[in-house]
Amino acid sequence: MALMGPSGLRQLFETILAKTQYAIRTLGAQSSITVPRFKGPHYQDFVVSLEGGNGSVRRLQERMLARGIHCGKDLSGCFPELGESLLLGVTEANSQEAIDRLGLAFGQLTGAS
């Protein structure tokens, strides 16, 4: 990272921020889930609540993996007060196509209308 210099790091951070916001908007279009679970600025990580969706985080993860998609960390064991929730992370390595694919799969598997 030191080789990137200040302008390279700034560009990297701006890319991650833009992709995070894109992922939040893409997943937020799914009416049966809450994205992000917590309001406020988000950089790289955010929580998705499946409350009101169709099924559990565990079942969603199994179905996503069957499609070759890793869809985040199940928070229900560590933070039961959050209910059926996932922690998702976005990096510079996540393409727009991958985020779109994630959003489409979320919509199909959570019963979004």
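The values are calculated or read from the model by the stated rules, or taken from the named source; none is laboratory data. Everything numeric here is computed off the predicted structure, so don't read it as measured data. Cβ atoms come from the backbone with ideal geometry, glycine included; neighbour counts cover every protein chain shown.
Here are a few things to note about the model shown:
- Taking segment 68-79 as the range and being over 24 Å from residue 95 (Cα atoms) and either surrounded by 15 or more Cβ atoms within 10 Å (Cβ to Cβ) or among the aromatic types (Phe, Trp, Tyr) (or both) as the test, the residues that pass are 75, 76, 79.
- Count of residues meeting criterion [of a type in the set (Ser, Thr, Tyr) and either in a helix (DSSP H, G or I) or at pLDDT 90 or above (or both)] in segment 2-44: 6
- The residues on offer are 106, 46, and the sole one that is surrounded by 16 or more Cβ atoms within 10 Å (Cβ to Cβ) and touching a Cys at 6+ places or on another chain (Cβ under 8 Å) is 106.
- Check on residue 65, in a helix (DSSP H, G or I), of a type in the set (A, V, I, L, M) and surrounded by fewer than 14 Cβ atoms within 10 Å (Cβ to Cβ): yes
- Complete set of residues in segment 80-103 that are outside any strand (DSSP E or B), touching a residue at least 12 places away in the same chain (Cβ under 8 Å) and surrounded by 14 or more Cβ atoms within 10 Å (Cβ to Cβ): 82, 83, 84, 90, 92, 94, 99, 101, 102, 103
- Hits in segment 10-30 - residues which are surrounded by 13 or more Cβ atoms within 10 Å (Cβ to Cβ), of a type outside the set (A, V, I, L, M, F, W, C) and either touching a strand residue (DSSP E or B) at 6+ places or on another chain (Cβ under 6 Å) or under 18 Å from residue 105 (Cβ atoms) (or both): 19, 22, 26, 28, 30
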